[in-house]
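The values are calculated or read from the model by the stated rules, or taken from the named source; none is laboratory data. The model shown is predicted, which means the values in this text are computed figures rather than measured ones. All Cβ positions, glycine included, derive from the backbone under ideal geometry; neighbour counts span all protein chains shown. Protein only, heavy atoms only, side chains kept; ligands, DNA and RNA dropped before computing areas. Shrake-Rupley method; radii C 1.70, N 1.55, O 1.52, S 1.80 Å.
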Amino acid sequence: MRYYIAAVALAVLQISWNAPTLAQTGACGGMTVGQLKSLNGFVPFEANSLWNTDISSAPVDSNSANIINYIGSNVTLHPDFGSGTYAGHSIGIPYQIVAGTQVKVTVNPGAYADESDPGPMPIPATALIEGYPNPPAGDRHVLVLEKDGCWLYELFNCHHLKNGSWSADSTAIWDMTIDPQRPYTWTSADAAGLPIFPGLLRYDEVASGVINHAIRFTVPHSRQAFTPPASHWASSVTDPDAPPMGARLRLKASFDISSFSPQNQVILTALKKYGMILADNGSAIYLSGAPDSRWNNSDLHLLGTVTAANFDVVSIGPIYTNSDVPTGASPIVSGFTANPTHVAKGKAVMLNWTTSNEIYNIISPTVGPVRGNSATVNPKATTTYTLYSTNQYGRTTKSVKVAVP
């Protein structure tokens, strides 16, 4: 469930992430295609992204002790991922990597259509849904990384339909070569308006000996506030001791990790260097990760000896509430044209656009996210193409019609 300003509802989603160097499309292209496959060292987003920032020396928030007490100082760390199944469901949030040749399909928006990114999206018919092999009602996330274009597609509460399309209550597209930001107050496939995949713990990175990003986590009750990179709250609670969405917790440097297994030491080291980012309402300090048959569930369970009292809340940015959400100008679309505007079925048409102050652009239908200022389409019927240009303050659209006799 989600929270609208007019009504109270608590969500159940997730997110966060990092990178040691600038994310490049070439490195992105080195990922292995398939379900739950290796990224082969690729890390989404730029090195200066808040997901990728070393916070080991960042100052402790002046309200840290009160926030930790609000969460519950005796609450224990819990890995919300692992191997095998629990009650018939896989443990964690799955993902798949596809090539640029993956067919893009229609995604039908649901409850949060006005804050969603439009399709088409390269979602395979066999895409793993959270909770597979028998996904229950609930979050039902689908995460797809498209390696050749370096785009990340994330869907919440999605279902594969008989006609080959998908339905989803919320959708978000992320450019993995930059440091993206959703419009302030917009949600995403995650309650906090964050990307989900970058904050997942994955077996391949733990096995490599290092995690280079922040980790996603949840708490039962968050504040009606957010701090970047979050863009959305999911609560009616105004208590300043409640953690805002996007809050960053860091494992104390003094916490001794020497008695833990090498696998768990990798996780705990990342929690000291990059911390964990609050992305959703759920169980108390549950860490998000991807399912993998190689996880040692018994060993992961030993992380439960770590408590909230072993963490500090780090002060790294402003906290926005109803009274001071940033405002500014949406992108400017000064031109969006088609040449020609009348064409025989299947013939090429060049779409051209001129925009400014945008973070990302999407053209719907048939095209999807785009970079640059032109794209070729081959309409088989009369089609109206719409350019969606988005930045942290909102979205601007412009349409052009191509007639096919």
- Message: Suppose every Lys and Arg Cβ carries +1 and every Asp and Glu Cβ carries -1, with no other charges. What dipole size does region 217-281 come out with about its Cα centre, to the nearest 20 debye?
- Response: 240
- Inter-site label distance for SER167 and THR305 at 7 Å from Cα along Cβ, in nm: 4.9
- Roughly how much of THR384 is accessible, in Å² to the nearest 10, using a 1.4 Å probe? 70
- Query: With all protein chains present, how much of the accessible area of the chain (probe radius 1.4 Å) comes from carbon and sulfur, to the nearest whole percent?
  - Reply: 52
- Message: Given axes a ≥ b ≥ c from the Cα gyration tensor, I'd like to know whether region 126-258 is rounded (a/c under 1.5), prolate (a/b larger than b/c) or oblate.
- Response: oblate
- Quick one: P(r) of the chain from all Cα-Cα pairs, 20 Å bins, percents rounded to integers, in order of increasing distance. 28, 57, 13, 1
- Give me the angle, in degrees from 0 to 90, between the Cα long axis of helix 262-273 and the longest principal axis of the Cα atoms of the chain, rounded to the nearest 10. 80
- Query: If you stretched the chain out fully between THR32 and ASP239, how much longer would it get, using 0.36 nm times the residue separation minus the C-alpha to C-alpha distance?
  - Reply: 70.0 nm
- Message: With viscosity set to 1.567 mPa s at 4 °C, what whole-number translational diffusion coefficient in µm²/s follows for region 321-400 from Stokes-Einstein and a Kirkwood radius over Cα pairs?
- Response: 96
- Message: For a Förster distance of 60 Å, can you work out the FRET efficiency between the beta-carbons of ASP114 and SER261, rounded to the nearest 0.05?
- Response: 0.85
- Task: Between ASN378 and ASP204, take the C-beta separation as r, use R0 = 41 Å, and let me know the FRET efficiency to the nearest 0.05.
- Result: 0.60
- So for R0 = 41 Å, FRET eff. of LYS252-ASN297 from the Cβ-Cβ r, to 0.05, ends up at 0.95
- Query: Put SER170, SER399, SER330 in order of accessible area, largest first, 1.4 Å probe: what do you get?
  - Reply: SER399, SER330, SER170
- Query: What list of ³J(HN,Hα) values in whole Hz, one per residue of region 49-65 in order, does the Karplus curve 6.51 cos²θ - 1.76 cosθ + 1.60 (θ = phi - 60°) give from phi, with Gly and Pro shown as x?
  - Reply: 4, 4, 5, 9, 7, 6, 10, 4, 10, 5, x, 7, 4, 5, 9, 3, 4
- Theoretical ellipticity at 222 nm over the chain - DSSP helices of four or more residues, -39500 (n - 2.57) apiece, nearest 500: -2000 deg cm²/dmol
- Item | Pair ASN40, ASN66: separation of 7 Å Cα→Cβ label points (nm) | 5.1
- Query: Pulled fully out, how much extra length does the chain show between SER57 and ASN134, if you take 0.36 nm times their separation in residues and subtract their Cα-Cα distance?
  - Reply: 23.4 nm
- Note on the structure: Residue by residue through region 340-352, the couplings from Karplus 6.51 cos²θ - 1.76 cosθ + 1.60 with θ = phi - 60°, in Hz, x for Gly and Pro, are x, 9, 10, 8, 6, 3, x, 7, 6, 10, 9, 9, 10
